[in-house]
Amino acid sequence: MAVHAHPDDESSKGAATTAKYAAEGHEVLIVTLTGGERGDILNPAMDRPGIKENITQVRQEEMAKAAAALGVQHTWLGYVDSGLPEGDPLPPLPEGSFATIPLEESGEALVKVVREFRPHVMITYDEHGGYPHPDHIRCHEVSMLAYDRSGDPESFPDAGEPWTVSKLYYTHGFLRARMVAFSDEFEKHGQESPFKEWLARWDARGGDVMGRVTTQITCDDYFAARDEALRAHATQIDPNGVFFAVPAEWQRRLWPTEEYELARTRVQTSIPETDLFAGIETP
């Protein structure tokens, strides 16, 4: 089970991994916590009449296409996008949006999905949310609550039969080392790197999460499925944008994996891992 804040997050964070496991016969469920209603239209070609007015339906249709591309199951938790606040000081979040809902309430909703689907592995974001969007941070919080309490019969007794999840991972998709590898390849071919400014800002901030990675999943055979899922989110993903700047051959040769951090486990395993199910015995 992969838990994500908005539609399109599942396609930009760990998509090839979920496609791989689904293709290998595992049951894979994407849980999208909000409808993404407050997301900007980031693809100029989709900034046209009728899109913003029907953004809820549009993003639902996009999500369905993305799930089909990845070959995974999908469900909505049903909360409203909180939006990304801007300003100094930051304005309050919209009333009733996901990040304003009491954690016990949204936590129980996710616990119910966990108990229904009964996953052995959960994937979510780290404590920073991957980036500081309030819904991403709340996604981390609600996922941790569900991992900790879905197996407790005294927690949320009306949310179904208890189920204990064996392992919980944070997805780490935006890695400086990966961007450097691609940038070096552009320079080797006499081309300007599309990540040059990005890396400059990154270097100014300092830090990288590669040191937290415990688990690398080889999934380059499913990069095409990932890209199809990304394109399905046409309002959010520009097909001429940076997501598709690196040739597929370079990606497969230079960085054929997706990266995770084993944050919690109830089974014994050895680090580094190459399989999210390492240590889990199933029939």
For region 19-36 the number of residues that are touching a Leu at 6+ places or on another chain (Cβ under 6 Å) and surrounded by fewer than 24 Cβ atoms within 10 Å (Cβ to Cβ) is 0
Flagged in region 174-223 as closer than 23 Å to Tyr125 by Cβ and part of a loop (DSSP other than H, G, I, E, B), in numbering order, are Phe174, Leu175, Phe195, Gly206, Gly207, Asp208, Val209, Val213, Thr214, Cys219
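Considering each of Ala99, Ala16, Ala109 in turn, give the residue that is among the aliphatic types (A, V, I, L, M), closer than 23 Å to His133 by Cβ, surrounded by 14 or more Cβ atoms within 10 Å (Cβ to Cβ) and in contact with a His (Cβ under 9 Å, 6 or more places away or on another chain).
Details: Ala16 fails: in contact with a His (Cβ under 9 Å, 6 or more places away or on another chain); Ala109 fails: in contact with a His (Cβ under 9 Å, 6 or more places away or on another chain).
Going through Ala99, Ala16, Ala109 in turn, the sole match is Ala99.
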How many residues of region 151-165 are closer than 13 Å to Glu104 by Cα, among the hydrophobic types (A, V, I, L, M, F, W, C) and in a loop (DSSP other than H, G, I, E, B)? The answer is 1
Counted residues in region 106-150 being in a loop (DSSP other than H, G, I, E, B) and of a type outside the set (Ser, Thr, Tyr) come to 10
**Request:** State yes or no: is Gly130 buried (at least 18 other Cβ atoms within 10 Å of the Cβ) and at pLDDT below 95?
**Result:** yes
Taking region 227-270 and keeping only residues that are assigned to a loop (DSSP other than H, G, I, E, B), within 19 Å of Tyr147 (Cβ to Cβ) and among the β-branched types (Val, Ile, Thr), one is left with Val267, Thr269
Taking Thr218 as the residue in question, decide whether it is under 18 Å from the mean Cα position of the chain (by Cα) and surrounded by 19 or more Cβ atoms within 10 Å (Cβ to Cβ).
-> no
I'd like to check something: does region 150-166 contain any residue that is within 18 Å of the chain's Cα centre (by Cα) and surrounded by 13 or more Cβ atoms within 10 Å (Cβ to Cβ)?
no
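Mind listing just one residue for me: the one in region 112-127 that is closer than 23 Å to Met210 by Cα and crowded, with 18+ Cβ neighbours inside 10 Å and, of those, farthest from the chain's Cα centre (by Cα)? Break it down stepwise before answering.
At the first step, the residues of region 112-127 found to be closer than 23 Å to Met210 by Cα are 121-127.
In the following step, the residues that additionally are crowded, with 18+ Cβ neighbours inside 10 Å were identified as 121-125.
Values: Val121: 14, Met122: 11, Ile123: 8, Thr124: 7, Tyr125: 7 Å.
Step by step, filter region 112-127, then rank; the result is Val121.
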Expected output for region 193-216 (first residue among the charged types (D, E, K, R), partner modelled with pLDDT of 90 or more and part of a loop (DSSP other than H, G, I, E, B), Cβ below 8 Å, 6+ apart or cross-chain) is Asp208/Leu175; Arg212/Asp126; Arg212/His172
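The values are calculated or read from the model by the stated rules, or taken from the named source; none is laboratory data. Note that the coordinates shown come from a computational prediction; the quantities given were computed from them, not determined experimentally. As a convention, Cβ positions derive from the backbone with ideal geometry for all residues, glycine included, and neighbour counts pool all protein chains shown.
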